[in-house]
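Please treat every number below as a calculation from the coordinates, not as lab data. Keep in mind the model is a prediction, meaning the values are calculated, not measured. Positions of Cβ are generated from backbone atoms using ideal geometry, with glycine treated the same way; all protein chains shown enter the neighbour counts.
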Amino acid sequence: MVRSELVTGVSAISINNCKLLDFSRFSDARGALTPIEGGTDAPFDIKRIYYIYDVPNGASRAGHGHRELQQVLIAINGSFDVHVDDGSERKVFHLDRPHLGLYVAPMIWREIHLFSLGAVCVSLASAHYDESDYFRRYEDFQNAVGESS
Ligand code: TYD
């Protein structure tokens, strides 16, 4: 399946729209290389990249939802747990390989917990930073999910 099919026809808000992506690996005696191309490996055009690092022991990140943003989260180093929530169901994905990405669909509340020492979370995002796309309060997210169903 072409990865871009992941987002076509998806309208219902569901954690089932969040998928693990196993990217290509080119390994030889010199090490490994994983390429990610927007629109094929990642199911959207990549407009922004950011990364989270130097996370203190016990700290959590994210804790928000997005109206329209699509993302792929990758544990480029170390590991962490991504909790996804569609307002009624929850699921936890453990990311611990640089060739594994978690596609996070729009209208999903996400939290990132249990960062290992030195973990780096890379995020590929479908849009430039836009604070108005965020739900910063879980209650606001739940209300919006309710209104769209
Ligand atoms: P924040 O949303 O709190 O990070 P997390 O993903 O853990 O929830 O973002 C921390 C700060 O970084 C906040 O002041 C907004 C800023 N920021 C940008 O300027 N650009 C970006 O692309 C992102 C993701 C955050």
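A few points about this structure:
- For the pair the stretch 32-64 and the stretch 108-126, the centres of their Cα atoms are 7 angstrom apart.
- Under 5 Å between amide hydrogens, built in the peptide plane, is the criterion, and for ARG48 it picks out ALA125, ALA127 among residues at least 5 positions away or on other chains.
- Shape class for the stretch 51-103, computed from the alpha carbon gyration tensor (a ≥ b ≥ c): prolate, with a/c not under 1.5 and a/b above b/c.
- When DSSP beta bridges are restricted to pairs lying wholly in the chain, around 95% turn out antiparallel.
- Computed from the Cβ-Cβ distance with R0 of 22 Å, the FRET efficiency linking GLU147 to ARG90 stands at 0.60.
- Ranking of LEU20, LEU73 by count of other Cβ atoms within 10 Å, fewest first: LEU20, LEU73
- Label-reachable residues, the stretch 88-127, where backbone N falls under 17 Å from a point 7 Å from ASP133's Cα toward its Cβ: 102-111, 122-127
- Ordering LEU100, LEU33 by the number of other Cβ atoms within 10 Å of each residue's own Cβ, fewest first, gives LEU33, LEU100.
- Loop-located trypsin sites (Lys or Arg not before Pro) in the stretch 1-110, at most 10 other Cβ atoms within 10 Å (DSSP): ARG30
- Contour excess over end-to-end distance, with Cα ends at ASP140 and ILE49 and 0.36 nm allotted per residue: 30.2 nm
- Excluding exposed DSSP-loop chymotrypsin sites (Phe, Trp or Tyr not before Pro) (at most 13 other C-beta within 10 Å), longest clean stretch of the chain: 54-128
- The shape of the chain comes out oblate: with a ≥ b ≥ c from the C-alpha gyration tensor, a/c is at least 1.5 while a/b does not beat b/c.
- Projecting the Cα atoms of ILE13, ILE112, PRO56 onto the charge dipole of the chain, computed from C-beta unit charges around the Cα centre, puts PRO56 farthest toward the positive end.
- What the phi angles of the stretch 29-42 give under the Karplus curve with 6.51, -1.76 and 1.60, with θ = phi - 60°, is a coupling list of 4, 8, x, 10, 9, 10, x, 10, 9, x, x, 10, 5, 9 Hz, glycine and proline written as x.
- Helix axis angle, 138-148 relative to the chain longest principal axis, alpha carbon, degrees: 70
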